[in-house]
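Single-structure report; data block below.
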Amino acid sequence: MSEIILTRDVRLSLRAQAHHLDPVVLLGANGLTEAVMKEIDRELKAHELIKVRVPTDDREEREAIYAQVAETLGAARVQMIGKLLIFWRPAEDEAEEDAAARILAAAAAAANPVKAEKTSAAKAAPKKKVASKKPGDKKARKTEAPRRARPKRTRKTKKAMLSGK
């Protein structure tokens, strides 16, 4: 199988979807074995979008593993952050064109959220009129404050008392 190449918008959308995911496959000390490849393939069939943790400190080795998995399993390389690798492959029961169309629609909605909101809001309900407050306007009291039963006592300072005022 050959690797799937993603457009920028689709890759960004998948990165956003993968943000909250935890790694589902952890490579061990033996590295990329046949058992690990089968496990990654099984997880891609189940979830489409997965994270894989690679324990090695060598960046070139991690990049080689990243490329080998994508090429062997026919997956797309979404992102590599440190020791985390993110792969995506459309579900097999779903036609590849349908999956690509679904991802492109999600990417378009993510790229233009205002436009997507306007179309959905226009279909849902008409907009309500909202009163806007102009700068300098004071808030009007709805009810008057209750009157005191007895007047407030005024305090006099020592200086005022000595002067006789």
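Within the shell defined by Cβ-Cβ distances under 14 Å, the residues around Lys51 carry a net charge of +2, with Lys and Arg each +1 and Asp and Glu each -1.
Can you tally the net charge around Arg15? Count Lys and Arg as +1, Asp and Glu as -1, for every other residue whose Cβ sits under 13 Å from the Cβ of Arg15.
Details: positive: Arg8, Arg11, Lys51, Arg77; negative: Asp9.
Surrounding charge for Arg15 is +3.
Over segment 1-102, what is the relative contact order in percent, taking alpha-carbon pairs closer than 8 angstrom and at least six residues apart?
Once divided by the residue count of segment 1-102, the mean separation gives 35 percent.
Annotation: amide H-H contacts under 5 Å for Ile4 (H modelled 1.01 Å from N, sequence separation of 5 or more, or interchain): Ala75, Ala76, Arg77. Listed values for segment 150-157 are Karplus-derived 3J(HN,Hα) couplings in whole Hz (6.51 cos²θ - 1.76 cosθ + 1.60, θ = phi - 60°), namely 10, x, 6, 7, 8, 9, 10, 7, and x replaces Gly and Pro. Proximity of backbone amide H atoms, modeled 1.01 Å from N, is registered between Val25 and Lys51, Arg53 at under 5 Å, excluding neighbours fewer than 5 places apart on the same chain. If you plug each phi of segment 57-74 into the Karplus form 6.51 cos²θ - 1.76 cosθ + 1.60 with θ = phi - 60°, what whole-Hz ³J(HN,Hα) values come out, in order, with x for Gly and Pro? So the J values, rounded to whole Hz, are 8, 7, 4, 5, 5, 5, 5, 5, 5, 4, 5, 5, 5, 4, 5, 5, 8, x.
Every number in this text was worked out from the coordinates using simple rules, so none of it is lab data. Just so you know, these numbers come straight off a predicted model, no measurement behind them. When we count neighbours, we look across all protein chains shown, and the Cβ atoms used for this are built from the backbone with ideal geometry, even at glycine.
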